[in-house]
1. Exactly one condition in (1) in a helix (DSSP H, G or I); (2) of a type in the set (Ser, Thr, Tyr); (3) modelled with pLDDT under 95 is not met by SER173; state its number.
2. Going by the conditions given, is LEU159 closer than 24 Å to SER211 by Cα and of a type in the set (A, V, I, L, M)?
3. Would you confirm whether or not the range 61-82 contains a residue that is in a loop (DSSP other than H, G, I, E, B), in contact (Cβ under 8 Å) with a residue 40 or more places away in the chain and farther than 19 Å from ASP23 by Cα?
4. What pairs come up if the first residue lies in the range 135-163 and is at positive phi, the second is crowded, with 18+ Cβ neighbours inside 10 Å, and their beta carbons are under 9 Å apart, counting only those six or more places apart or on different chains?
5. Which of the residues belonging to the range 28-50 are in a helix (DSSP H, G or I) and near the ligand (Cβ under 9 Å from one of its atoms)?
6. Which residues, counting only those in the range 74-93, are buried (at least 20 other Cβ atoms within 10 Å of the Cβ) and either over 16 Å from ASP137 (Cβ atoms) or in contact with a Leu (Cβ under 6 Å, 6 or more places away or on another chain) (or both)?
7. Within the range 180-207, how many residues are outside any strand (DSSP E or B) and over 14 Å from VAL142 (Cβ atoms)?
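The values are calculated or read from the model by the stated rules, or taken from the named source; none is laboratory data. As the structure is a prediction and not an experimental result, all values here were calculated from the model. Backbone-built Cβ (ideal geometry, glycine too); neighbour counts: all protein chains shown.
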Amino acid sequence: FTTGSLAGKRVVITAGPTREAIDPVRYVSNHSSGKMGYALAQACIEAGARVTLISGPVHLPTPDRVHRLNVNSALDMLAASGKAVDAGCDVFIATAAVADYRPVSVAEHKIKKAGDAMTIELVRNPDIVATMAARADRPFVVGFAAETQNVEAYALSKLRDKKLDMIACNDVSRQDIGFQSDDNAMVIFWNGGSRRLDKAPKTFIARELVSLISQHFSQ
Ligand code: PMT
């Protein structure tokens with residue numbers, strides 16, 4: 001028997017960066033530490049949910065009672081997300097900083113130095129959160145938007161284009177919030193409303209976001 005605003009609900013969360021291999025020793029990635037996604041996993045557990053955390057490579061302990069699946073690439077994260085949603089999911093939260101592009105091909109052996117310049121051709125990765133939102137049996141889908149300019153306008157277009165139920169946008173040009181910081185600040189949008197969360201620890205922001213999700217999910 002569980003209590004809390006998400007009691008018994010099944011939540012799937014993506015967190016951390018993805019790594020897109022160039023060759024056996026190199027990859028394309030980004031600065032995500034996983035802190036925001038792990039704080040959300042913890043907050044969902046506190047709210048009574050059953051949580052599957054699909055995590056890119058990070059250096060964080062798994063919160064108690066969270067079922068964690070480790071992945072590397074965006075394609076791995078997509079496959080793990082699809083399976084987790086197939087198994088039953090009420091709320092899908094996409095906190096991961098997924099690489100938008102991956103190298104067209106992965107060299108079998110370490111690429112050797114040759115010449116003064118080199119070019120790596122990239123191909124678009126599938127959009128994981130949009131794929132989950134396009135399912136016939138779609139869960140309540142919450143996306144994030146990491147922007148460095150026009151933060152709120154870009155977030156609103158992602159809410160619409162990816163057909164999300166809710167989006168949390170943060171300004172990743174700031175050093176004191178966003179990537180790697182223990183703090184964050186965000187504006188959360190849904191169809192017909194918004195809420196600003198001023199700078200606070202990610203653990204606090206996560207609880208506020210989970211409370212908003214539970215209010216809108218049950219409507
Ligand atoms: O991990 P931390 O160091 O704590 O930092 C937290 C954070 C800054 C990474 C986090 O708060 C955040 O903003 N996460 C989203 C990062 C991101 O990739 O944003 P985006 O605007 O590029 O993507 C928009 C949404 O689409 C996101 O929900 C993303 O998970 C999703 N997406 C993007 C590309 C893709 N191929 N598949 C996706 O599902």
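1. (1)
2. yes
3. The first filter runs over the range 61-82 and keeps only residues in a loop (DSSP other than H, G, I, E, B), leaving 61-66, 71-73.
Imposing the further condition that a residue be in contact (Cβ under 8 Å) with a residue 40 or more places away in the chain reduces the set to 71-73.
Then drop every residue that is not farther than 19 Å from ASP23 by Cα, which leaves none.
No; the residues of the range 61-82 include none that is in a loop (DSSP other than H, G, I, E, B), in contact (Cβ under 8 Å) with a residue 40 or more places away in the chain and farther than 19 Å from ASP23 by Cα.
4. Going by the 9 Å Cβ cut-off, the qualifying pairs are LYS163/ALA133; LYS163/VAL141.
5. LYS35, MET36, GLY37, TYR38, ALA39
6. Just the residues of the range 74-93 that are buried (at least 20 other Cβ atoms within 10 Å of the Cβ), to begin with: 74, 77-78, 81, 84-85, 89, 91-93.
The answer is ALA74, MET77, LEU78, ILE93.
7. Number satisfying all stated conditions: 8.
Condition check ((1) at pLDDT below 95; (2) under 17 Å from ILE120 (Cα atoms)) across all residues:
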{"residue": "GLY4", "(1), (2)": "yes, no"}
{"residue": "PRO17", "(1), (2)": "no, no"}
{"residue": "ALA21", "(1), (2)": "no, yes"}
{"residue": "VAL25", "(1), (2)": "no, yes"}
{"residue": "ASN30", "(1), (2)": "no, yes"}
{"residue": "SER33", "(1), (2)": "no, no"}
{"residue": "ALA43", "(1), (2)": "no, no"}
